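S.K.: My questions all concern the structure below.
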Amino acid sequence: MQKRNKIYFYNPHKDVEKLQPLIELAEQNDYRMVEQAADANIIISVGGDGAFLQAVRKTGFRQDCLYAGITEKDLSGLYCDFNMDNFDEMLETLQNEELEVRRFPVIDVLVNETSFHCLNELSIRSSIIKTINIDVLIDDLHFETFRGDGLIVSTPTGSTGYSKSTMGAVVDPLLGCYQVSEIASLNNNKYRTLGSSFILGKERMLTLALDEHEKDYPVIGLDNEAYSIQNIKKIKVTLSDKVVKTVKLKNNSYWNRVKRTFL
Ligand code: NAP
Ligand code: MN
């Protein structure tokens, strides 16, 4: 097997100076820095969870790479296990032959005819003051007609992000599934939605159909990127075959990180 030693730093803030000691340490340990993400088999984001999401998105959800996130100082994130001070631990972990890899579920999102992957969530929101109207179908069967600000379809790791702010459940990433949450649904005698989040299993397909005749101008969010097109008719969501692989540290389970972040 090819040695996993080619590191690409995804560094949105271009903190080259701060990274220099890390790069030196890595090189002393037989790692090579590469200029192009395509040449790497380890991709490391520098920043917070937002930077990690960007690193995964901009490098195309690579299946042959391990992703890791490092934060500055002792900040931490749901995706970022390392900081500038414990980088040596990261190198040690990477060199360990019994390296454990954690696999995070991803969703596939088809907007009209174009497909995307999301690691956190797909969000669809009205961009005007008026509400947005969305038919929600599960496996092609009409489930509900949503009217309100928008909907969020989150992955298990995305469940601690936007989804959580709408009272969605925190979902263990060992479960291959995705969760649908409402953003301010209208509920009255004319419009009725489930009112709670619901979780779909990996074999399900979710369709969000927009009313073509109404002047809805939705904003589509793919993790932390906005996707703006007009005339969105249909969005289909399924659980992806792809996963995002990261390094698993001892004594640092998903629930440790949830505790560290929220409790
Ligand atoms: P941002 O607006 O700067 O970040 C929102 C916050 O969410 C940041 O503290 C970010 O951490 C954190 N975050 C991101 N992914 C998370 C996750 N999976 N679990 C727990 N916290 C998470 O934007 P951003 O940093 O680019 O992050 C994009 C994400 O923000 C979106 O994917 C969405 O989940 C979330 N978001 C939340 C709301 C809301 O709660 N009302 C609204 C819009 C977007 P860092 O500071 O470490 O980056
Ligand atoms: Mn951020």
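The values are calculated or read from the model by the stated rules, or taken from the named source; none is laboratory data. Just so we're clear, the structure is a prediction, and the values are computed from it rather than from any experiment. So basically every Cβ, Gly included, is an ideal-geometry build from the backbone, and we count neighbours across all protein chains shown.
S.K.: (1) more than 16 Å from the chain's Cα centre (by Cα); (2) surrounded by fewer than 18 Cβ atoms within 10 Å (Cβ to Cβ); (3) within 30 Å of Arg204 (Cβ to Cβ); (4) in contact (Cβ under 8 Å) with a residue 24 or more places away in the chain: which one isn't true of Ala37, the others all being true?
M.R.: (3)
S.K.: Counting only residues that are β-branched (Val, Ile, Thr) and under 18 Å from Ser76 (Cβ atoms), how many does the stretch 22-61 have?
M.R.: Count: 3.
S.K.: Output the number of residues of the stretch 36-58 satisfying the condition of being within 21 Å of Lys18 (Cβ to Cβ), outside any helix (DSSP H, G or I) and away from ligand 1 (no atom under 16 Å from the Cβ).
M.R.: So the answer is 3.
S.K.: Scan the stretch 182-219 for residues that are touching a Leu at 6+ places or on another chain (Cβ under 7 Å) and modelled with pLDDT of 95 or more and report the count.
M.R.: 8
S.K.: Which residues, counting only those in the stretch 6-29, are outside any helix (DSSP H, G or I), at pLDDT 90 or above and away from ligand 1 (no atom under 16 Å from the Cβ)?
M.R.: Listed by number, the residues that qualify are Lys6, Ile7, Tyr8, Phe9.
S.K.: Within the stretch 163-201, work out how many residues are more than 16 Å from ligand 2 (Cβ to nearest atom), over 14 Å from the mean Cα position of the chain (by Cα), outside any loop (DSSP other than H, G, I, E, B) and not aliphatic (A, V, I, L, M).
M.R.: 5
S.K.: Let me ask something else about it. May I ask you to list the residues in the stretch 123-162 that are assigned to a loop (DSSP other than H, G, I, E, B) and under 24 Å from Asn189 (Cα atoms)?
M.R.: Ile128, Ile129, Lys130, Thr131
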